[in-house]
Ligand code: NDP
């Protein structure tokens, strides 16, 4: 018997339930994967709470790393025993065994552990498209990235450093500031106590920045716009403090003819070819040591500890990535 997490109603962490089940055989285009490490992402909390609607009852989770146990009849390029990692919009990765569409699966290089992969795949692919595609960060460029000591944030700090760019990262505590700096942030701002726009102006000799990456949402939206140069780009890619709603477009005019985009990973990386080129770039940065993902023991949880994991993430008690180990 296998184990998975299910929700049959929306709500707080208490709606997460452990369920035993018999895994079905993979369909023609699917691969069955025995998950060894599962990535926990903030998006999972939106699905659980109902901010992102799912048909209930539903599984949860979008990424994991593990070993192929069976392949569907139409699958080529994978065989039982292969080490793999996947990220996909379809829910259900919070499970000891999972059938996944082959197109969403990548081979895992031997140098990368299951835990490293599950801690960095979805989050690293996100940093890839944000810094390399939504806006192409240049060497020496200074930019603002919110929640810099989170899962996505710590990878962004390291990626920015590898590009030779200056990432100004917002953080919620002095300890998190230190962690972001160690990872490669050029400067940090504690947005619980400091005025973000004022600090960005100081740090840039009043030039401000051409791009802001904002995953915090509601609480930072307006300050983020104030950090932008004339005709700058606001990349709003998450809702950790709640969604941005009711925007009067005139604000973009008032604050300097600004641009705004609201991107998502699966809008950027949809084809197998896109997945291959993005994951190759990510894996080579991990293999070279430019990006390190180490998950502290107290951020690794069993499936039956999933409620605790979601509470820690939502209460801003974590740094870097969190994992479920089935
Ligand atoms: P994180 O590990 O970054 O956790 C969220 C962090 O946000 C917290 O640790 C906290 O850091 C900060 N935060 C600020 N305000 C709040 C608040 N009111 N409540 C809770 N947290 C707050 O999560 P992930 O790395 O998994 O994801 C980061 C963000 O990126 C999320 O918003 C997620 O939705 C988004 N995302 C978007 C994708 C896309 O393609 N659009 C893909 C992947 C992620 P601190 O204490 O330092 O403030």
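I'd like to check something: does the range 149-167 contain any residue that is in a strand (DSSP E or B) and touching a residue at least 60 places away in the same chain (Cβ under 8 Å)? Checked against the condition, which is being in a strand (DSSP E or B) and touching a residue at least 60 places away in the same chain (Cβ under 8 Å), the range 149-167 yields at least one hit. If you go through the range 222-238 and pick out every residue that is part of a loop (DSSP other than H, G, I, E, B) and in contact with a helix residue (DSSP H, G or I) (Cβ under 6 Å, 6 or more places away or on another chain), you end up with 1. Give the residues of the range 22-68 that are free of Cβ contacts under 8 Å to residues at least 40 places away in the same chain and farther than 30 Å from residue 243 by Cβ, sorted by residue number. Correct list: 22, 67, 68. Under the condition of being under 10 Å from residue 35 (Cβ atoms), more than 16 Å from the chain's Cα centre (by Cα) and part of a strand (DSSP E or B), the residues counted in the range 85-99 number 3.
When residues in the range 166-178 are screened for being buried (at least 19 other Cβ atoms within 10 Å of the Cβ) and farther than 17 Å from residue 215 by Cβ, 2 of them pass.
Table: residues versus (1) assigned by TED's automatic domain parsing to the domain that holds residue 97; (2) within 12 Å of the ligand (Cβ to nearest atom); (3) out of contact with any helix residue (DSSP H, G or I) (no Cβ under 8 Å at 6 or more places or on another chain).
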position	(1), (2), (3)
280	yes, no, yes
285	yes, no, no
304	yes, no, yes
318	yes, yes, no
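Does residue 104 satisfy the condition of being within 25 Å of residue 280 (Cβ to Cβ), within 16 Å of the ligand (Cβ to nearest atom) and surrounded by fewer than 23 Cβ atoms within 10 Å (Cβ to Cβ)?
Working: within 25 Å of residue 280 (Cβ to Cβ): yes; within 16 Å of the ligand (Cβ to nearest atom): yes; surrounded by fewer than 23 Cβ atoms within 10 Å (Cβ to Cβ): yes.
For residue 104, the condition - within 25 Å of residue 280 (Cβ to Cβ), within 16 Å of the ligand (Cβ to nearest atom) and surrounded by fewer than 23 Cβ atoms within 10 Å (Cβ to Cβ) - is met.
Could you tell me whether residue 276 is out of contact with any strand residue (DSSP E or B) (no Cβ under 6 Å at 6 or more places or on another chain) and modelled with pLDDT under 95?
On the way: out of contact with any strand residue (DSSP E or B) (no Cβ under 6 Å at 6 or more places or on another chain): yes; modelled with pLDDT under 95: yes.
Against the criterion (out of contact with any strand residue (DSSP E or B) (no Cβ under 6 Å at 6 or more places or on another chain) and modelled with pLDDT under 95), residue 276 qualifies.
For the range 89-97, the count of residues that are in contact (Cβ under 8 Å) with a residue 60 or more places away in the chain and within 29 Å of residue 290 (Cβ to Cβ) is nonzero.
Report whether or not residue 241 is farther than 30 Å from residue 30 by Cα, in a helix (DSSP H, G or I) and within 16 Å of the ligand (Cβ to nearest atom). Spell out how you get there, then give the answer.
Working: farther than 30 Å from residue 30 by Cα: yes; in a helix (DSSP H, G or I): no; within 16 Å of the ligand (Cβ to nearest atom): yes.
No: the conditions fail for residue 241.
Looking across the range 205-255, the residues that are touching a strand residue (DSSP E or B) at 6+ places or on another chain (Cβ under 6 Å) and in contact (Cβ under 8 Å) with a residue 60 or more places away in the chain come down to 209, 210, 211, 212, 213, 214, 220, 224, 227, 233, 235.
Do we find a residue being within 16 Å of the ligand (Cβ to nearest atom), assigned to a loop (DSSP other than H, G, I, E, B) and at pLDDT below 95 anywhere in the range 245-263?
In the first step, residues of the range 245-263 are kept if they are within 16 Å of the ligand (Cβ to nearest atom); the result is 245, 260-263.
Checking the rest, the ones that are also assigned to a loop (DSSP other than H, G, I, E, B) come to 245, 262-263.
Right, trim to at pLDDT below 95 and you get none.
No, the range 245-263 contains no residue that is within 16 Å of the ligand (Cβ to nearest atom), assigned to a loop (DSSP other than H, G, I, E, B) and at pLDDT below 95.
Residue selection: residue 181 fails the criterion of being assigned to a loop (DSSP other than H, G, I, E, B), within 16 Å of the ligand (Cβ to nearest atom) and either more than 29 Å from residue 63 (Cβ to Cβ) or in the same structural domain as residue 259 (by TED's automatic domain parsing) (or both). Of 194, 219, 202, 136, all but one fail to be over 21 Å from the mean Cα position of the chain (by Cα) and either in a loop (DSSP other than H, G, I, E, B) or assigned by TED's automatic domain parsing to the domain that holds residue 112 (or both); the exception is 194. Just the residues that are closer than 21 Å to residue 226 by Cα, touching a helix residue (DSSP H, G or I) at 6+ places or on another chain (Cβ under 7 Å) and more than 8 Å from the ligand (Cβ to nearest atom), please, taken from the range 143-161. 144, 145, listed by residue number.
The values are calculated or read from the model by the stated rules, or taken from the named source; none is laboratory data. Keep in mind the model is a prediction, meaning the values are calculated, not measured. Cβ atoms come from the backbone with ideal geometry, glycine included; neighbour counts cover every protein chain shown.
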